[in-house]
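Let me begin by presenting the structure, written as structure tokens, before commenting on it.
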Amino acid sequence: MRFSKFGLTTLRDMPADAEIVSHQLMLRAGLIRRLGSGLFTWMPLGLRVVRKVEAIVREEMNRAGALELLMPAVQPAELWRESGRWDKYGHLLLRMQDRHEREYCFGPTHEEVITDIARRELRSYKQLPINFYQIQTKFRDEIRPRFGVMRAREFSMKDAYSFHVDQASLEEGYQVMHEAYTAIFQRLDLGFRVVDADSGEIGGSRSQEFHVLADSGEDAIAWCDEDNFASNVETARTLQPDGEPAKASLELKKIDTPKVRTITELTALLKVGAEQTLKTLIVEGDNGPVALILRGDHELNAIKAGKLPGVSQPLTMADPASIRKATGCNPGFIGPIGLEIPVFFDHATRLMADFVCGANEADKHLTGVNFGRDLDSPDTVDIRNVVAGDPTPGGNGTLSIARGIEVGHIFQLGTMYSEKMGASIQDEAGKNVTMPMGCYGIGITRIVGAAIEQNHDDRGIIWPEPLTPFDLVLIPINMHRSDKLRDAAETLYAELTEAGLDVLFDDRDTRPGVKFADAELIGIPHRLVISERGLEAGELEYRHRRNDDSRMMKRDDVLNLLTGSTLS
RNA sequence: CGGGGUGUAGCUCAGCCUGGUAGAGCACUGUCUUCGGGAGGCAGGGGCCGGAAGUUCAAAUCUUCUCACCCCGACCA
């Protein structure tokens, strides 16, 4: 491709409303342009990368025996009513009507459609297991689209759905997808980690996420190599600590703490660590408010807490009015002593002694509080997020926390859709069975953003070779003033292309510095400079995007190097 | 949804407070010089100042309404 014919405009200034590097670089390098909130056009350069991702995903899915199909992006409401999600899916669902006022949605996912296909097409266990996939545009009306292509509303996703005779077959199919996904992310050359994930409202089902590791990731991952453990912090369990609390050494005292409403303010006033305090959160329950009690420095885990008996799901914080009604005082001064509502203590509170908590009285806190003496030692539950240093659930190591971008999710759905929508087949015994299902997603466009988050420097993108829009960029120096150089450059361009390389030939009549800067911004891994001075010596200048220095090479050596490295 | 902010040239922004009829840098066109790390000169093209209504002799500027976009929050006890 000739740069002059590629319609590429790079931006020197950073676009004002891009917060994270990948978004900034994608705009500056001309990969994408924004159309509206959470809506992006993939420009020719960016689309090349998308196509690379798609190709790898397709190859590995096909290799794993999955069958590609393409379902409509627009789906009739009736299907969603059948599954019960028309009302449940909420605001994420973009709803619309046609001229007859029939209702539709723009598909955020395709379980309903595929289950409809399955119940029509599949009759016999002999057709199973079967795995259908597609690469489709989805729309989810995110509360707050941001981070460019990473949390867009319209995006491209590979989604696959498998159907089985029984649970054993589902587990096998799931394992096959686990392996296919691992192969995909390895081939994409991205640093990633597989973690256990929340299985949502369908209990017992297995679910794992694939995360590209990056500091800007929206998800926190807890992991421990010694214990071979990795989980989204949403689901990582905490253990009840062994041992007994330390002996009480302080008197119980009620102190004035006017206007102290947060743990931060409390610790600043009392000069104690947050781990010496208790915080009491009031959430909505099935029969009125429920209190959840955590150590001051810990965070509530809404998913775990939502599963407690009597607690409303999804977890909802009680409003101030009902808190006052239930506890007799305002948020900020609530504590466990004398509370009349159901109370759950987190495991980590069990060993606390001489701690601080709210007094259930305006502008007062209690200090020197101890279990056994001032209140009963509680049974404790797991309701907080794990933190770095916590023991692993297996108990053989300690957890580290990393940040990741969720790019893949595999899930044993079970029969929740096939049951509701009547997708069944006859088994070997001639008996009707509802098919257990699996579903498996990969965020195609999100991967592009994630790859940049993981691979860039202050000059621009550094494409992993499997994703790069061009294998190499060919930069002639002052070609427009030397016919000899022009001929040599044109010949070389033809040769490289002939050798099967995807070459970006920067034939623009512009200064070398501009070409270098653009080449680095758009992140092409290999750079070849051809100049008069090198021409005389019969040499070309080669440099890799990750290296700061270049070397002079003979044309044949360059060809060998490049064809070798792209084949490997 | 709540709070905050911003809409002026393709991009980044100034001008607005204190109304007088629109600017800079980058990008773009032509031209000359320059030519191995985002060159310089000269000459150009491009904006009904997000939209509507109002105040005024006069509105990018003041007022009201509206639309769009962005940020923060929705773990706070």
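So here's what we get for this one:
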| read-out | value |
| --- | --- |
| Largest-first ordering by accessible area, 1.4 Å probe, given options A:Thr367, A:Thr510, A:Thr264 | A:Thr264, A:Thr510, A:Thr367 |
| All-pairs Cα distance distribution in region A:504-568, expressed in whole percent, bin size 10 Å | 19, 53, 27, 1 |
| Using distinct alpha-carbon pairs, which all enter the 1/r mean, Kirkwood radius of region A:434-568 in Å | 16.2 |
| Eligible lysines near A:Lys431 by straight Cα distance, threshold 26 Å, same-chain separation 8 or greater | A:Lys126, A:Lys420 |
| Cα lying deepest toward the dipole's positive end in chain A, options A:Leu70, A:Leu35, A:Gly107, charges on Cβ | A:Leu35 |
| With every protein chain in place, chain A: carbon and sulfur % of accessible area (1.4 Å) | 48 |
| DSSP beta bridges in chain A [antiparallel fraction, %, rounded to 5] | 80 |
| When the convex hull of its Cα atoms is projected in every direction, mean area for chain A (nm²) | 33.9 |
| Cut-off 12 Å between beta-carbons: net charge of the residues surrounding A:Asp166, Lys and Arg +1, Asp and Glu -1 | -3 |
| For region A:253-381, alpha-carbon Rg and Dmax in angstrom | 13.6, 38 |
| Peptide ranges A:274-284, A:473-483 listed from the most packed, as the mean C-beta count within 10 angstrom indicates | A:274-284, A:473-483 |
| Residues of chain A: accessible area per residue with a 1.4 Å probe, Å² | 47 |
| Rounded to whole Hz, the Karplus (6.51, -1.76, 1.60) HN-Hα couplings of region A:94-105, x for glycine and proline | 7, 9, 8, 10, 8, 5, 8, 6, 6, 9, 9, 9 |
| Distance violations [Cα-Cα > 22 Å] among A:Lys484/A:Lys515; A:Lys5/A:Lys138; A:Lys279/A:Lys307; A:Lys259/A:Lys304 | A:Lys5/A:Lys138; A:Lys259/A:Lys304 |
| Of A:Pro476, A:Cys439, A:Leu339, farthest towards positive along the dipole that unit charges on Lys, Arg, Asp, Glu beta carbons give chain A | A:Pro476 |
| Chain lengthening between A:Glu275 and A:Glu59 when straightened (0.36 nm per residue, less Cα-Cα) | 72.6 nm |
| Rg ratio (alpha-carbon, reference 2.2 N^0.38 Å) - region A:410-457 | 1.96 |
| Accessible area (Å², 1.4 Å probe, nearest 10) - A:Ile303 | 40 |
| Debye log10 I(q)/I(0) at q = 0.08, 0.15, 0.19 Å⁻¹ for region A:171-330, Cα point scatterers | -0.39, -1.05, -1.32 |
| Top positive-direction residue, dipole computed over chain A with Cβ charges, set A:Val233, A:Gln276, A:Ser322 | A:Ser322 |
| Nearest-10 value in Å² for the accessible area of A:Ser550, using the 1.4 Å probe | 50 |
| Theoretical FRET efficiency, 1/(1+(r/R0)^6), r = Cβ-Cβ of A:Ala73 and A:Glu251, R0 56 Å, to 0.05 | 0.25 |
| Net lengthening on full extension, A:Glu340/A:Met317 (0.36 nm per residue, minus Cα-Cα) | 6.5 nm |
| Summed side-chain charge close to A:Gly513 - residues other than A:Gly513 whose Cβ falls under 13 Å, Lys, Arg +1, Asp, Glu -1 | +2 |
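The values are calculated or read from the model by the stated rules, or taken from the named source; none is laboratory data. What you see is a predicted model, and the numbers here were worked out from it, not measured in a lab. Virtual Cβ from ideal backbone geometry, glycine too; neighbours counted across all protein chains shown. To get the accessible areas, we keep the full protein, side chains included, count just its heavy atoms, and leave off ligands, DNA and RNA. Shrake-Rupley method; radii C 1.70, N 1.55, O 1.52, S 1.80 Å.
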